[in-house]
Amino acid sequence: MINAVIFDMDGTIIDSEPIYEKVNEEIYEKYGLELSQEDHDRHLGANLKDIWTDILDRYQVKEEYAHYKLEDFMEDHIHSSYQGLAENEELELMPGVKEWFEFLKDHGYKMIIASSSYSPVIEHIYQRFELDQYMEGYVGADSIENGKPAPDIFLKAAEKLGVRPEECLVIEDSQHGVQAAYQAGAKVVAFNRAQDESQDLSQADLIIEEFNQENLNKVLR
């Protein structure tokens with residue numbers, strides 16, 4: 001029986017991907033990096049520690065940044081992501097997702113955010129859209145040891161809600177996220193608004209393209 005719903009944040013409850021694409025383009029250019037589309041697809045849903053570990057294993061940054069440590073790149077990227085979101089006045093919740101929040105709250109479901117973003121970024125979104133009226137907090141990449149596709153983030157989210165993972169429904173938009181939720185033992189719904197074929201979402205119990213009442217009814221069956 002489903003008693004709780006765990007929402008991913010970026011690309012799921014907010015349409016932040018275009019903002020991050022711009023941020024990533026600027027920050028990679030700053031360091032003299034030219035990542036392939038395959039790199040971008042592989043990094044979708046992963047946390048910054050894993051992303052930058054992969055980048056630094058495979059690419060060489062500009063000589064002026066050669067002394068930087070992994071943490072320096074991460075800190076710069078987190079700051080840039082926060083700034084990119086904060087300065088974008090057009091950022092909104094995904095169409096229909098607020099109605100899902102209200103329905104789930106009215107029907108007694110516990111809710112929480114589990115995101116590969118870091119706490120300062122999540123906190124900004126949490127406050128900006130007043131998500132505290134629906135959610136019981138959040139779990140970010142900086143509060144777990146292993147990022148998606150490891151199940152850690154969803155196991156911690158379930159623990160924070162006081163429920164078992166198998167009582168949870170996870171809403172995710174990335175291959176890494178779907179795999180992590182599946183490994184955690186939760187029911188998984190993939191949100192594939194962009195119909196992105198680069199992401200293998202086959203481990204999801206259901207794939208939806210929009211947040212509407214019809215899909216909500218399917219999800220809660």
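The values are calculated or read from the model by the stated rules, or taken from the named source; none is laboratory data. Keep in mind that this is a model prediction, so the values were computed, not measured. Here the Cβ positions follow ideal geometry from the backbone for every residue, glycine too, while neighbour counts run over all protein chains shown.
Select from the range 123-174 the residues that are surrounded by fewer than 17 Cβ atoms within 10 Å (Cβ to Cβ) and either in a loop (DSSP other than H, G, I, E, B) or not assigned by TED's automatic domain parsing to the domain that holds residue 202 (or both) and list them in ascending order.
Result: 130, 136, 137, 145, 146, 162, 164.
Across the range 96-122, what is the number of residues that are assigned to a helix (DSSP H, G or I) and of a type in the set (Lys, Arg)?
2
Please find, within the range 100-122, the residue that is surrounded by the fewest Cβ atoms within 10 Å (Cβ to Cβ) out of those that are of a type in the set (Gly, Ala, Ser) and touching a Gly at 6+ places or on another chain (Cβ under 9 Å).
Taking the candidates together, the pick is 119.
If you go through the range 83-107 one residue at a time, how many are without any contact (Cβ under 8 Å) to a residue 24 or more places away in the chain and within 24 Å of residue 158 (Cβ to Cβ)?
Residues flagged as without any contact (Cβ under 8 Å) to a residue 24 or more places away in the chain and within 24 Å of residue 158 (Cβ to Cβ) within the range 83-107 amount to 3.
State yes or no: is residue 8 among the charged types (D, E, K, R) and within 30 Å of residue 107 (Cβ to Cβ)?
Criteria met by residue 8.
List pairs: first in the range 36-54 and outside the structural domain of residue 152 (by TED's automatic domain parsing), second of a type in the set (Phe, Trp, Tyr), Cβ under 6 Å, 6+ apart or cross-chain?
52/73
Look at the range 170-221 and say how many of its residues are within 16 Å of residue 3 (Cβ to Cβ) and among the basic types (Lys, Arg).
Summing the residues that are within 16 Å of residue 3 (Cβ to Cβ) and among the basic types (Lys, Arg) in the range 170-221 gives 2.
Condition check ((1) surrounded by fewer than 17 Cβ atoms within 10 Å (Cβ to Cβ); (2) modelled with pLDDT under 95; (3) in contact with a Gly (Cβ under 7 Å, 6 or more places away or on another chain); (4) in a helix (DSSP H, G or I)) across all residues:
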{"position": "23", "(1), (2), (3), (4)": "no, yes, yes, yes"}
{"position": "28", "(1), (2), (3), (4)": "no, no, no, yes"}
{"position": "32", "(1), (2), (3), (4)": "yes, no, no, no"}
{"position": "40", "(1), (2), (3), (4)": "yes, yes, no, yes"}
{"position": "45", "(1), (2), (3), (4)": "no, yes, yes, no"}
{"position": "56", "(1), (2), (3), (4)": "yes, no, no, yes"}
{"position": "79", "(1), (2), (3), (4)": "yes, yes, no, yes"}
{"position": "82", "(1), (2), (3), (4)": "no, yes, no, yes"}
{"position": "85", "(1), (2), (3), (4)": "no, yes, no, yes"}
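Based on this model, can you work out whether residue 203 counts as farther than 18 Å from residue 43 by Cβ, at pLDDT 95 or above and outside any strand (DSSP E or B)?
yes
For the range 139-160, which residues satisfy the criterion of being over 20 Å from residue 187 (Cα atoms) and of a type in the set (A, V, I, L, M)?
Passing the criteria: 141, 144.
Restricting to the range 64-77, what's the tally of residues that are in a loop (DSSP other than H, G, I, E, B) and either in contact with a Phe, Trp or Tyr (Cβ under 9 Å, 6 or more places away or on another chain) or among the hydrophobic types (A, V, I, L, M, F, W, C) (or both)?
Within the range 64-77, residues that are in a loop (DSSP other than H, G, I, E, B) and either in contact with a Phe, Trp or Tyr (Cβ under 9 Å, 6 or more places away or on another chain) or among the hydrophobic types (A, V, I, L, M, F, W, C) (or both) number 2.
Filter the range 46-65 down to residues that are closer than 15 Å to residue 150 by Cβ and among the basic types (Lys, Arg), then give me how many there are.
Qualifying residue count, the range 46-65: 1.
Restricting to the range 1-24, name every residue that is within 11 Å of residue 84 (Cβ to Cβ) and either out of contact with any strand residue (DSSP E or B) (no Cβ under 8 Å at 6 or more places or on another chain) or not hydroxyl-bearing (Ser, Thr, Tyr) (or both).
The answer is 18, 19, 21, 22, 23, 24.
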